[in-house]
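Student: My structure is below; once you've seen it, I'll send some questions.
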Number of protein chains: 2
Amino acid sequence: MFASERENMKITDIKVTPSLGAENRHWSLLKIFTDEGIVGLGEWAGGPIEQLKQMLIGRDPTNINQLHYDHLWQMQGRGAGVEIALWDIRGKQLNAPMHELLGGKLRDRIRVYCDCHSGAHWTREDYQRRWQETRASGQLDPVYETSAYVSMAKEVVAEGYTAIKFDLDVPNPWKLDAYDRSISRRQHHHIVTTIESLRQAIGPYTDLSIDLHGSFNLADALRICKDVEHLDLLWLEDPIRWEWGNVAALAKICQQTETPICTGEIFYGAKMFRELMEQQACDLLEPDIPHSGGAIEIRRIAELAEMYHMSVAPHYMRSAITGMAAVHICSTLPNFLALEHHSRNIPLWGTMLDIKNPIQQGYINVPDGPGLGVDLDEEAIATALPAGVPLWS
Amino acid sequence: MFASERENMKITDIKVTPSLGAENRHWSLLKIFTDEGIVGLGEWAGGPIEQLKQMLIGRDPTNINQLHYDHLWQMQGRGAGVEIALWDIRGKQLNAPMHELLGGKLRDRIRVYCDCHSGAHWTREDYQRRWQETRASGQLDPVYETSAYVSMAKEVVAEGYTAIKFDLDVPNPWKLDAYDRSISRRQHHHIVTTIESLRQAIGPYTDLSIDLHGSFNLADALRICKDVEHLDLLWLEDPIRWEWGNVAALAKICQQTETPICTGEIFYGAKMFRELMEQQACDLLEPDIPHSGGAIEIRRIAELAEMYHMSVAPHYMRSAITGMAAVHICSTLPNFLALEHHSRNIPLWGTMLDIKNPIQQGYINVPDGPGLGVDLDEEAIATALPAGVPLWS
């Protein structure tokens with residue numbers, strides 16, 4: 001039967017979970033139901049879904065381009081989490097894994113790098129509490145001691161990861177002002193010696209990245225980049241924030257240091273990376289899935305980067321559903337370097353799917369089942385909710 | 001059955017036709033055979049296929065990304081003609097039209113513009129003969145009289161086309177030197193008045209484009225662009241050749257005229273269009289299918305153009321097989337303007353498929369059958385070959 005002769009599939013309903021709680025970084029999962037009984041799994045950024053239902057119910061979920069250009073791109077990253085469910089539906093309909101719908105995988109497993117955060121895994125609440133305590137005490141929190149970073153690095157590398165990342169814009173008693181973005185000499189010393197100790201601890205061949213989250217002024221951030229050149233970082237991430245009209249500032253840093261500069265987790269869509277590329281303002285891109293895009297926009301971003309001889313190392317902080325979509329997408333990108341794992345401290349990440357603990361020795365196998373190729377373990381997920389709260393509504 | 005559990009499909013053989021003759025612009029068709037009995041249709045740029053067979057036989061035709069990045073991109077446009085056959089195979093395997101494999105069509109029919117060439121349809125041999133005769137006689141060939149252009153325009157518009165294109169870098173007695181690329185005053189007058197007469201003949205609402213094939217010097221080409229601004233061309237194509245290291249020259253023209261500048265039929269792959277975009281050196285792109293790419297690279301080129309607020313109007317001169325692949329690709333590009341039809345003077349174009357004369361009132365319906373959604377009429381094609389010459393070998 002030709003496509004033209006088939007009745008089009010139709011979306012009949014959409015359901016989402018409540019927030020799975022602060023300890024699970026407020027993930028919310030999404031299901032798209034169809035009149036053929038196929039259900040697609042995606043991720044929702046939270047909030048009401050009435051408008052989303054109005055857009056999508058009655059539409060053909062298999063024409064992903066059309067839904068993207070009609071609606072989802074306007075929702076930016078919120079729409080990209082929904083797009084994941086459309087690829088899942090389409091793959092299940094055709095009995096083909098998502099990577100085949102993207103032209104075919106170039107690799108069978110995906111290299112994952114572990115975001116170790118610092119000597120302690122990061123949560124937003126924790127980070128703010130530690131800043132307050134540090135300001136009150138004038139003492140460095142033990143989890144930000146160089147030795148704590150080194151312990152964490154050894155622990156994570158022992159799990160088989162070939163690449164790790166640490167944050168070094170952390171609470172410290174040497175920051176002279178709560179608002180000004182300068183780095184004091186003492187703080188600079190702590191940052192550089194911690195990176196030196198990390199490199200020494202993990203040896204010369206494990207990849208090491210450092211994230212500064214755009215926390216600092218240009219001159220101070222540049223000095224960090226220069227002073228760690230001998231430590232051969234895989235990348236230094238976001239030395240400054242360029243996103244609001246200051247590509248030239250990042251270009252200035254990038255053109256003065258051999259430390260590779262990586263950025264890209266803030267903006268949605270390839271267009272927002274264009275000027276960055278034109279000005280040779282970075283060396284790698286780390287678009288967030290789905291915040292920067294789903295398969296459609298992430299592929300565009302990767303292909304743009306490739307035109308400028310750059311690799312991509314996608315960022316993501318969402319659940320393992322987005323993680324598996326990311327695995328499919330990354331398997332099809334020629335210039336893929338590594339995929340972030342931001343959830344080592346979140347047990348649910350490893351238990352929420354039918355495949356348990358998908359990361360083994362720092363890699364995730366690319367699923368070959370239809371669509372995303374994974375299913376939810378709803379019993380495991382339900383434990384994140386208070387008793388009596390329904391999982392889907 | 002999961003993809004991982006299936007035996008991969010394998011390419012078992014490749015066959016091509018001989019050149020279908022000068023009158024059919026030396027088209028050569030291609031078939032890829034598989035161990036599942038599925039046959040993919042593509043187009044071949046001519047010459048021996050031993051190396052192609054070595055590359056592809058035994059490989060899985062359904063992983064198009066892998067074959068593209070392993071081999072086909074290195075063959076540039078020759079490889080892109082082969083890529084078409086891979087999409088045809090994949091679509092037939094999944095019982096899905098090619099446009100669905102590219103994420104879904106955004107439109108059901110494709111606007112076609114007719115390349116009218118001049119007062120006479122172009123062939124390479126004809127063009128060269130007319131130049132020789134014109135130089136010998138010192139007279140303008142009647143097919144290049146303004147009145148001949150006007151007749152052709154009326155004839156083609158009567159067929160329902162909403163956009164037409166003419167060449168105006170044609171044999172003429174006023175070109176002062178066979179090699180120098182200047183435009184004489186008399187020649188300039190002929191070009192501009194012909195465009196004026198064309199606009200008058202077709203009225204204000206039919207789109208009109210002019211192709212100069214990069215035949216002229218910058219200053220003379222710019223003067224043409226400026227002098228026809230009041231005629232509201234859809235585009236003026238290739239006022240100069242920028243392709244060999246002279247993007248700045250085209251940018252200089254483009255930034256001085258409101259006449260939209262279109263280019264892009266020479267190079268393969270999105271990377272070659274990057275500098276053109278960065279320098280805002282044109283207003284539209286006309287990548288050739290498959291010379292500039294198959295679905296993979298044409299989509300990249302279109303998406304690059306879209307980042308710079310440009311539409312694409314793909315060029316192609318090949319057979320209706322490439323034409324139908326182009327229709328599928330164009331149906332999925334948001335920034336698609338119109339597809340070239342270069343073969344109005346080639347009867348085989350309209351008879352070689354199971355669907356006869358696919359262009360109706362200036363549009364082609366997007367096929368919804370599996371793969372390309374068309375088949376060859378091999379009896380019709382065989383008439384292009386001398387008796388006894390086999391169609392496939």
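Student: Against the conditions (1) surrounded by fewer than 17 Cβ atoms within 10 Å (Cβ to Cβ); (2) farther than 19 Å from residue B:372 by Cβ, where does residue B:55 fall short? Just the number, please.
Tutor: Residue B:55 satisfies every listed condition except (1).
Student: Among A:318, A:223, which is farther than 25 Å from residue A:196 by Cβ, open to solvent by 10 Å² or more (accessible area, probe 1.4 Å), among the basic types (Lys, Arg) and modelled with pLDDT of 95 or more?
Tutor: A:318
Student: While we're looking at this one, here's another question. Please go through region B:242-255 and give me each residue that is open to solvent by less than 30 Å² (accessible area, probe 1.4 Å) and either small (Gly, Ala, Ser) or assigned to a helix (DSSP H, G or I) (or both), ordered by number. Write out each step before concluding.
Tutor: First, pick out the residues of region B:242-255 that are open to solvent by less than 30 Å² (accessible area, probe 1.4 Å): B:242-243, B:247, B:249-251, B:253-254.
Matches in region B:242-255: B:247, B:249, B:250, B:251, B:253, B:254.
Student: What is the residue count in region A:167-181 for residues that are surrounded by fewer than 19 Cβ atoms within 10 Å (Cβ to Cβ) and in contact with a helix residue (DSSP H, G or I) (Cβ under 6 Å, 6 or more places away or on another chain)? Please lay out each step first, then the result.
Tutor: Within region A:167-181, the first condition is being surrounded by fewer than 19 Cβ atoms within 10 Å (Cβ to Cβ), and the residues that meet it are A:173-174, A:176-181.
Next cut, in contact with a helix residue (DSSP H, G or I) (Cβ under 6 Å, 6 or more places away or on another chain) only: A:173-174.
Qualifying residue count for the region: 2.
Student: Can you say whether residue A:258 is closer than 26 Å to residue A:76 by Cα, charged (D, E, K, R) and either open to solvent by less than 10 Å² (accessible area, probe 1.4 Å) or modelled with pLDDT of 95 or more (or both), as far as the supplied structure shows? Break it down stepwise before answering.
Tutor: Working: closer than 26 Å to residue A:76 by Cα: no; charged (D, E, K, R): yes; either open to solvent by less than 10 Å² (accessible area, probe 1.4 Å) or modelled with pLDDT of 95 or more (or both): yes.
It is false that residue A:258 is closer than 26 Å to residue A:76 by Cα, charged (D, E, K, R) and either open to solvent by less than 10 Å² (accessible area, probe 1.4 Å) or modelled with pLDDT of 95 or more (or both).
Student: To continue, here is another question. Filter region A:350-375 down to residues that are of a type in the set (A, V, I, L, M) and open to solvent by 20 Å² or more (accessible area, probe 1.4 Å) and give me whichever is nearest to the chain's Cα centre (by Cα).
Tutor: Checking each candidate, the answer is A:359.
Student: Return yes or no: is residue B:151 closer than 23 Å to residue B:345 by Cβ, among the polar types (S, T, N, Q) and part of a loop (DSSP other than H, G, I, E, B)? So that I can check it myself, show each step before the final result.
Tutor: Values: closer than 23 Å to residue B:345 by Cβ: yes; among the polar types (S, T, N, Q): yes; part of a loop (DSSP other than H, G, I, E, B): no.
Against the criterion (closer than 23 Å to residue B:345 by Cβ, among the polar types (S, T, N, Q) and part of a loop (DSSP other than H, G, I, E, B)), residue B:151 does not qualify.
Student: Condition check: within 12 Å of another protein chain (Cβ to nearest Cβ) and either open to solvent by 10 Å² or more (accessible area, probe 1.4 Å) or not in a loop (DSSP other than H, G, I, E, B) (or both). Does residue B:277 satisfy that?
Tutor: yes
Student: Could I ask something else about it? Residue B:30 is checked against (1) surrounded by 15 or more Cβ atoms within 10 Å (Cβ to Cβ); (2) free of Cβ contacts under 8 Å to residues at least 24 places away in the same chain and fails just one. What number does that condition carry?
Tutor: Result: residue B:30 passes all but (2).
Student: Take residue A:238 and tell me if it is open to solvent by less than 30 Å² (accessible area, probe 1.4 Å) and either in contact with an Asp or Glu (Cβ under 7 Å, 6 or more places away or on another chain) or more than 17 Å from residue A:207 (Cβ to Cβ) (or both). Let's see the steps before the verdict.
Tutor: Details: open to solvent by less than 30 Å² (accessible area, probe 1.4 Å): yes; either in contact with an Asp or Glu (Cβ under 7 Å, 6 or more places away or on another chain) or more than 17 Å from residue A:207 (Cβ to Cβ) (or both): yes.
Judged against the criteria, residue A:238 is a match.
Student: Counting only residues that are part of a helix (DSSP H, G or I) and open to solvent by 10 Å² or more (accessible area, probe 1.4 Å), how many does region A:81-119 have?
Tutor: Step one: list which residues in region A:81-119 are part of a helix (DSSP H, G or I), which gives A:81-94, A:98-101.
Next, only the ones that are open to solvent by 10 Å² or more (accessible area, probe 1.4 Å) stay: A:87, A:92-94, A:100-101.
Qualifying residue count, region A:81-119: 6.
Student: With the structure loaded, tell me whether residue A:73 is open to solvent by less than 20 Å² (accessible area, probe 1.4 Å) and within 23 Å of the chain's Cα centre (by Cα) or whether it fails that test.
Tutor: no
Student: Considering A:269, A:294, which residue is touching a residue at least 12 places away in the same chain (Cβ under 8 Å), of a type outside the set (A, V, I, L, M) and at positive phi?
Tutor: Working: A:294 fails: at positive phi.
Exactly one residue qualifies, and that residue is A:269.
Student: Inside region A:59-104, can you point out the residues that are small (Gly, Ala, Ser) and either touching a residue at least 60 places away in the same chain (Cβ under 8 Å) or facing another protein chain (nearest Cβ under 8 Å) (or both)? It would help to see each step written out before you state the result.
Tutor: The initial filter retains those residues of region A:59-104 that are small (Gly, Ala, Ser), namely A:77, A:79-81, A:85, A:91, A:96, A:103-104.
Passing the criteria: A:77, A:79, A:80, A:81, A:91, A:96, A:103, A:104.
Student: Please work out if residue B:109 is away from every other protein chain (no Cβ under 11 Å) and under 15 Å from residue B:324 (Cβ atoms). Outline the logic, then answer.
Tutor: Numbers: away from every other protein chain (no Cβ under 11 Å): yes; under 15 Å from residue B:324 (Cβ atoms): yes.
Judged against the criteria, residue B:109 is a match.
Student: Now for a separate question. Please specify each residue of region A:296-310 satisfying the condition of being surrounded by 24 or more Cβ atoms within 10 Å (Cβ to Cβ) and of a type in the set (D, E, K, R).
Tutor: A:297
Student: Answer with yes or no whether residue B:332 is more than 14 Å from every other protein chain (Cβ to nearest Cβ) and either touching a Cys at 6+ places or on another chain (Cβ under 7 Å) or of a type in the set (S, T, N, Q) (or both).
Tutor: Values: more than 14 Å from every other protein chain (Cβ to nearest Cβ): no; either touching a Cys at 6+ places or on another chain (Cβ under 7 Å) or of a type in the set (S, T, N, Q) (or both): yes.
Answer is no for this residue.
Student: Determine which single condition residue A:86 fails, assuming it passes every other condition in (1) of a type outside the set (Ser, Thr, Tyr); (2) out of contact with any Ser or Thr (no Cβ under 7 Å at 6 or more places or on another chain); (3) under 30 Å from residue A:157 (Cα atoms).
Tutor: That leaves (3) as the condition not met.
Student: Going by the structure shown, is residue A:355 modelled with pLDDT of 95 or more and closer than 26 Å to residue B:63 by Cα? Working first, answer last.
Tutor: Details: modelled with pLDDT of 95 or more: yes; closer than 26 Å to residue B:63 by Cα: yes.
When the stated conditions are applied, residue A:355 passes them.
Student: Pairs only if they're at least six apart or on different chains, beta carbon under 7 angstrom, first in region A:300-323 and away from every other protein chain (no Cβ under 14 Å) and closer than 22 Å to residue A:380 by Cα, second buried (at least 21 other Cβ atoms within 10 Å of the Cβ) and polar (S, T, N, Q); list them, first residue then second.
Tutor: A:316/A:322
Student: Can I ask one more? Any residue at all in region B:158-166 that is without any contact (Cβ under 8 Å) to a residue 60 or more places away in the chain, surrounded by 17 or more Cβ atoms within 10 Å (Cβ to Cβ) and in a strand (DSSP E or B)?
Tutor: Let us first name the residues in region B:158-166 that are without any contact (Cβ under 8 Å) to a residue 60 or more places away in the chain, namely B:158, B:164, B:166.
Narrowing the set further to residues that are surrounded by 17 or more Cβ atoms within 10 Å (Cβ to Cβ) leaves B:164, B:166.
After this cut, where a residue has to be in a strand (DSSP E or B) as well, the list is B:164, B:166.
Yes, there is a match, as at least one residue in region B:158-166 is without any contact (Cβ under 8 Å) to a residue 60 or more places away in the chain, surrounded by 17 or more Cβ atoms within 10 Å (Cβ to Cβ) and in a strand (DSSP E or B).
Student: Name every residue in region B:167-190 that is outside any loop (DSSP other than H, G, I, E, B) and more than 30 Å from residue B:363 (Cβ to Cβ), in order of residue number. Write out each step before concluding.
Tutor: Of all residues in region B:167-190, those outside any loop (DSSP other than H, G, I, E, B) come to B:167, B:185-190.
Residues satisfying the conditions are B:185, B:186, B:187, B:188, B:189, B:190.
Student: Out of B:144, B:127, report the one residue that is hydroxyl-bearing (Ser, Thr, Tyr) and under 25 Å from residue B:21 (Cβ atoms). Step through it out loud before you land on a result.
Tutor: Details: B:144 fails: under 25 Å from residue B:21 (Cβ atoms).
Selected residue: B:127, the only one of B:144, B:127 that is hydroxyl-bearing (Ser, Thr, Tyr) and under 25 Å from residue B:21 (Cβ atoms).
Student: Does residue B:292 satisfy the condition of being in a loop (DSSP other than H, G, I, E, B), under 30 Å from residue A:268 (Cβ atoms) and touching a helix residue (DSSP H, G or I) at 6+ places or on another chain (Cβ under 8 Å)?
Tutor: Yes; evaluated as a whole, the condition is true for this residue.
Student: Something else about it: Is region A:12-34 home to any residue that is of a type in the set (Asp, Glu) and either within 14 Å of chain B (Cβ to nearest Cβ) or assigned to a loop (DSSP other than H, G, I, E, B) (or both)? Spell out how you get there, then give the answer.
Tutor: First pass over region A:12-34, keeping only residues of a type in the set (Asp, Glu): A:13, A:23.
Add one more test, that the residue is either within 14 Å of chain B (Cβ to nearest Cβ) or assigned to a loop (DSSP other than H, G, I, E, B) (or both), and what stays is none.
No: region A:12-34 contains no residue that is of a type in the set (Asp, Glu) and either within 14 Å of chain B (Cβ to nearest Cβ) or assigned to a loop (DSSP other than H, G, I, E, B) (or both).
Student: Can residue B:122 be described as more than 10 Å from every other protein chain (Cβ to nearest Cβ), aromatic (Phe, Trp, Tyr) and within 19 Å of the chain's Cα centre (by Cα)? Show your work before the answer.
Tutor: On the way: more than 10 Å from every other protein chain (Cβ to nearest Cβ): yes; aromatic (Phe, Trp, Tyr): yes; within 19 Å of the chain's Cα centre (by Cα): yes.
Taking the combined requirement at face value, the residue satisfies it.
Student: Now, a different point. Please state which one of A:191, A:202, A:210 is among the hydrophobic types (A, V, I, L, M, F, W, C), more than 23 Å from residue A:253 (Cβ to Cβ) and in contact with a strand residue (DSSP E or B) (Cβ under 9 Å, 6 or more places away or on another chain). I'd like the intermediate steps shown before the answer.
Tutor: Values: A:191 fails: more than 23 Å from residue A:253 (Cβ to Cβ); A:210 fails: more than 23 Å from residue A:253 (Cβ to Cβ).
From the options A:191, A:202, A:210, the qualifying one is A:202.
The values are calculated or read from the model by the stated rules, or taken from the named source; none is laboratory data. Small disclaimer: the values here were computed from a predicted structure and weren't measured. A quick note on method: Cβ atoms are made from the backbone with ideal geometry, for glycine too, and the neighbour counts reach across all protein chains shown. Accessible surface is based on the protein model in full, side chains and every heavy atom, while ligands, DNA and RNA are left aside. Shrake-Rupley method; radii C 1.70, N 1.55, O 1.52, S 1.80 Å.
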